[in-house]
1. Please work out which one of (1) touching a residue at least 12 places away in the same chain (Cβ under 8 Å); (2) at negative phi; (3) not in a helix (DSSP H, G or I) is the condition S128 fails and give its number.
2. Scan the stretch 235-259 residue by residue and report those that are among the small types (G, A, S) and either within 28 Å of the chain's Cα centre (by Cα) or not assigned by TED's automatic domain parsing to the domain that holds P197 (or both).
3. So, in the stretch 290-326, how many residues would count as being of a type in the set (S, T, Y) and in contact with a His (Cβ under 7 Å, 6 or more places away or on another chain)?
4. Does A253 fit the bill of being closer than 26 Å to F124 by Cα and not aromatic (F, W, Y)?
5. Just to be sure I understand, how many residues within the stretch 175-228 are touching a Lys or Arg at 6+ places or on another chain (Cβ under 6 Å) and surrounded by fewer than 16 Cβ atoms within 10 Å (Cβ to Cβ)?
6. So, A232, is that one within 22 Å of the chain's Cα centre (by Cα), at pLDDT below 90 and of a type in the set (G, A, S) or not?
7. Residue under question is E194, and the condition is that it be within 18 Å of V226 (Cβ to Cβ) and under 17 Å from the mean Cα position of the chain (by Cα); does it hold?
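The values are calculated or read from the model by the stated rules, or taken from the named source; none is laboratory data. Not measured: the values here are computed from a predicted model. Positions of Cβ are backbone-derived with ideal geometry, glycine not excepted, and every protein chain shown enters the neighbour counts.
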Amino acid sequence: MRVPLVLLGCGRVGQALLEEAASLDLQFLGVLDSTGGVVDGGGIPQGRLSQLLSRKREGVALGELGVPGEGATSALLALLRERRGLLVDVTAADTRPFLFSALEAGWGVVLANKLPLVGPWEDFRRLSSVGYEATVGAGIPLITTLKALLGSGDEVHLIQGGLSGTLGFLLAEVERGEAFSQAVRRAMARGYTEPHPAEDLSGADLARKGLILARTLGLPLELEEVELEPLASPAGRGLPVEGFLQGLRAQDAELRRRLEGAKRRGLTLRYVVEVSSAGVRAGLREVDRKSPLARAQGVENVVVINTRRFKGHPLVLAGPGAGPASTCAGLLLDIFRLARTLGR
């Protein structure tokens, strides 16, 4: 059976999913971004999808290639009433109204977008049936694993995660002797950071990931309750990129000092998200050099899960933690899982 879906968002992750359409049995009924898009209840032909992908990569907005603005929104809402399928959200916007409409109409929902999951706790509960594997850990089956553990009667005591491939890469470079400010420039050159690296260094995305994990465990926490230590001041977001990068040089000596102090104790520094019944913390932590968290390579994500059954020997998950292909892998896990429930 072909899997009918609508794609919200056509950035790097959305484009990676469109690339998969030809090799997988995916039927796109709509592709939209913030400017508009294309909606076709009979399915968008593969040739048209290829054209949309090509033009989008050239920087053309979908609103110029299909129906602009509110016209595309109206077409989407009509489609939600007329058909059944999956709504796949890879935007970075608060799309809760669309998601709630889709769920009420009997659609399945798959998210790479974290924002709908970090609003009020009650909204998270309304979204409990959606697939959100791709929101934390990219393609690592972390959410699936946690739900399986809980569903089997196990109790999760502590989750420790190196959940930013970007920050993991930066700290590993500093450990090898690179100045922090130069490591950030290197990460930018490799495409590991957001266009403005202040987004990565603020830690805000890690706070959202930690909250999603906590809520998956049933902890009714709010985002403002997350204890967050940024690697750079959030005020840096307001600076031009080059000015922000120049300002990072002032942090080189302090980060080097903290790293050298950890090394004298036989430890190293990693940016770790910790989730337990005590709450959520995200920040720099000294970890044992033999720890899985310390052994992560490049932009790898590593998660250590201590449970009642996995206490002396915790469960460790690891895999690529950056790049659209990894996130797309997480989306596909949910897409084909939820596709089996359509029409039931």
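1. Failing condition for S128: (1).
2. Pass one, the stretch 235-259, residues among the small types (G, A, S): 235-236, 238, 243, 247, 250, 253.
A235, G236, G238, G243, G247 - these are the residues of the stretch 235-259 that are among the small types (G, A, S) and either within 28 Å of the chain's Cα centre (by Cα) or not assigned by TED's automatic domain parsing to the domain that holds P197 (or both).
3. Within the stretch 290-326, the first condition is being of a type in the set (S, T, Y), and the residues that meet it are 291, 307, 326.
With in contact with a His (Cβ under 7 Å, 6 or more places away or on another chain) added as a condition, the list becomes 307.
Total satisfying the criteria: 1.
4. Values: closer than 26 Å to F124 by Cα: no; not aromatic (F, W, Y): yes.
Against the criterion (closer than 26 Å to F124 by Cα and not aromatic (F, W, Y)), A253 does not qualify.
5. Keep residues of the stretch 175-228 that are touching a Lys or Arg at 6+ places or on another chain (Cβ under 6 Å), which gives 181, 198, 208, 227.
Next, only the ones that are surrounded by fewer than 16 Cβ atoms within 10 Å (Cβ to Cβ) stay: 227.
Residues meeting the conditions: 1.
6. Working: within 22 Å of the chain's Cα centre (by Cα): yes; at pLDDT below 90: yes; of a type in the set (G, A, S): yes.
When the stated conditions are applied, A232 passes them.
7. Working: within 18 Å of V226 (Cβ to Cβ): no; under 17 Å from the mean Cα position of the chain (by Cα): yes.
Here the answer is no, as E194 does not meet what is asked.
Yes/no matrix, rows are residues, columns are (1) in the same structural domain as L213 (by TED's automatic domain parsing); (2) in contact with a strand residue (DSSP E or B) (Cβ under 7 Å, 6 or more places away or on another chain); (3) among the hydrophobic types (A, V, I, L, M, F, W, C):
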{"position": "R281", "(1), (2), (3)": "yes, yes, no"}
{"position": "K290", "(1), (2), (3)": "yes, no, no"}
{"position": "G312", "(1), (2), (3)": "yes, no, no"}
{"position": "A329", "(1), (2), (3)": "no, no, yes"}
{"position": "L333", "(1), (2), (3)": "no, no, yes"}
